[in-house]
Amino acid sequence: MIASAKPRTSPRCRSSKKLEQRAECHRRVAEWSYRLLGRSPDHVPAFIGGMAMVPELFEANRQGFGRNVIDYFNDLKLRDLFACYLVLTPQGSRDPKMYKDTGTINPALAVVSEDSEGIVVSGLKLLGTSAVFSDEAWIGSMIPLGPDQINEAVTFAIPVNHPGVEIWVRESFELRAPNKIDHFFSSQFDESDGVMVFDNVRIPWSRVFCHRDIALMRDMYFKTPAHVMGNHQSNWRFAEKLKLMVGIAHRACDMAGVINIPAIQQTLGRLAAAEASLLGLMAAQIDQLQSIANGHVHVNRRFLYAALQWCANNYAQVAEEVRSLMGAGPFLLPADPSVFDNPQTRQTFEKYWSLPTASADERYKFVKMAWDLLGSDFAGRHTQYEKFYGGPPHIMDLYSFFNCPWNERRAAVDQIVKEMGSADDLTARRKSAAE
Ligand SMILES: Cc1cc2nc3c(=O)[nH]c(=O)nc-3n(C[C@H](O)[C@H](O)[C@H](O)COP(=O)(O)OP(=O)(O)OC[C@H]3O[C@@H](n4cnc5c(N)ncnc54)[C@H](O)[C@@H]3O)c2cc1C
């Protein structure tokens, strides 16, 4: 289903109509995948499309790198390739002092040699969500690097089956999901996460986008529309997931027969308000679009980062709230759907588990589906994903800090203080009030 839906995004984004089309593409891909594929095939190309809007940034590092970015974007588009990205250096490599002082090896991927054909790299990169399902991997770093990490300052792309590349994956939830009724999501939508190990891997220059340029390593995400266009997909996927969770909350209360209790309606109202607020931020991202010098447009940075911050910091609480509304529901059901196979157990189940608002089998399917989304091991991974996929939560606050027009905000405050007059004015006013 997803494979046939790989979107064909274009970096030539010059109108709000184009942005609207992109948004609808992200929204539909999210809907088709039950909102569970964070790194769906429209995620990484949206980043690279944003970079391809500013090729001159890459040209400044080395002649031809700007062309490489555009060619790579077109290659993904024309060959309909699915790309993942690994832009995190391993824990243990981030502070060079740590491995130097302890004498341990720095595990981070670094360039070990170069020649006229390209570069050779060795080391680890994380974290490749969807890597095992991808055709291609984009390798870089969003974490700032220091001057003594110059050999780690490299960004390139390779097919995931390139000689010398290994993907070390975590345990699959799908393997522990024996049937699609009890594990509707985890049996089908475990997108997997993996670390990539590179052992003297040769990369041709045509697939290198940054080499020995510490500033460009991050600027390619933040001084181009890459980070905002990529995370626009993340926002849509989250918004669609939130709609699903709100629907689950309502159905759970309906089944439990508590839907008419005012306190329950307040809780549902809070969830509905949160969903509407997020959708408002999504609309504002396009309504208040921004443009760059060469005429390309991108989504509004402030509204994008406000949405990203909200999503990263509130998912766990929303999931907890919806889970609470399910009460003991998930633990009142038989172990597996074999209850329907035996006429006697089926009859008993249908007799005692049917509700005024749901038949016994509807109840079984709904509760198992909701628990798979909100209470299972698979759900735990989603809670972690929603918190960290865009970087650690404190970074989410900083994106908004860096993109707020502080001067404008301060101007209004300074104006009021000025209107209040000088110290002499204050004294004069106090004196006349006392007389
Ligand atoms: C399920 C999942 C999927 C992911 N998919 C991808 C992917 O597809 N591609 C990719 O490149 N990356 C991916 N990531 C990685 C993600 O980018 C990182 O998890 C994130 O950047 C945090 O880095 P870290 O995990 O190394 O945590 P660390 O940086 O080691 O942080 C550990 C803890 O310390 C806190 N912390 C660290 N520094 C500070 C500070 N200065 N102030 C306050 N608190 C701090 C963090 O918030 C966190 O709680 C994924 C992560 C998860 C969990």
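The values are calculated or read from the model by the stated rules, or taken from the named source; none is laboratory data. Values in this document were obtained by computation on a predicted structure and should not be read as measured data. Here the Cβ positions follow ideal geometry from the backbone for every residue, glycine too, while neighbour counts run over all protein chains shown.
Things worth noting here:
- Tally of residues being buried (at least 20 other Cβ atoms within 10 Å of the Cβ) and within 16 Å of the ligand (Cβ to nearest atom) across segment 154-182: 7
Table: residues versus (1) at pLDDT 95 or above; (2) within 15 Å of the ligand (Cβ to nearest atom).
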site: 30; (1), (2): yes, no
site: 33; (1), (2): no, no
site: 47; (1), (2): yes, yes
site: 50; (1), (2): yes, no
site: 55; (1), (2): yes, no
site: 58; (1), (2): yes, no
site: 61; (1), (2): yes, no
site: 64; (1), (2): yes, no
site: 67; (1), (2): yes, no
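- Taken over segment 339-357, the criterion of being touching a residue at least 40 places away in the same chain (Cβ under 8 Å) and surrounded by 14 or more Cβ atoms within 10 Å (Cβ to Cβ) is satisfied by 357 alone.
Residues checked against (1) in a helix (DSSP H, G or I); (2) within 16 Å of the ligand (Cβ to nearest atom); (3) aliphatic (A, V, I, L, M); (4) surrounded by fewer than 23 Cβ atoms within 10 Å (Cβ to Cβ):
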position	(1), (2), (3), (4)
27	yes, no, no, yes
39	no, yes, no, no
70	yes, no, yes, yes
77	yes, no, no, yes
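- Selection from segment 358-388 of residues that are more than 9 Å from the ligand (Cβ to nearest atom), of a type in the set (Lys, Arg) and surrounded by fewer than 19 Cβ atoms within 10 Å (Cβ to Cβ): 365
- Selection within segment 414-429 - surrounded by fewer than 10 Cβ atoms within 10 Å (Cβ to Cβ) and basic (Lys, Arg): 418
- Qualifying positions in segment 133-149 - hydrophobic (A, V, I, L, M, F, W, C) and either within 12 Å of the ligand (Cβ to nearest atom) or more than 13 Å from residue 89 (Cα to Cα) (or both): 133, 137, 138, 139, 142, 143
- Count of segment 98-132 residues which are within 16 Å of the ligand (Cβ to nearest atom), modelled with pLDDT under 90 and of a type outside the set (Ser, Thr, Tyr): 2
- Residues being under 23 Å from residue 84 (Cα atoms), surrounded by fewer than 17 Cβ atoms within 10 Å (Cβ to Cβ) and either more than 13 Å from the ligand (Cβ to nearest atom) or touching a residue at least 40 places away in the same chain (Cβ under 8 Å) (or both) - total across segment 389-411: 1
- Any hit, segment 412-428, residues being free of Cβ contacts under 8 Å to residues at least 12 places away in the same chain, under 30 Å from residue 173 (Cβ atoms) and among the acidic types (Asp, Glu): no
- Qualifying residue in segment 311-328 (condition: assigned to a loop (DSSP other than H, G, I, E, B) and surrounded by fewer than 18 Cβ atoms within 10 Å (Cβ to Cβ)): yes
- Looking across segment 155-176, the residues that are out of contact with any helix residue (DSSP H, G or I) (no Cβ under 7 Å at 6 or more places or on another chain) and either in contact (Cβ under 8 Å) with a residue 60 or more places away in the chain or on the phi > 0 side of the Ramachandran plot (or both) come down to 164, 176.
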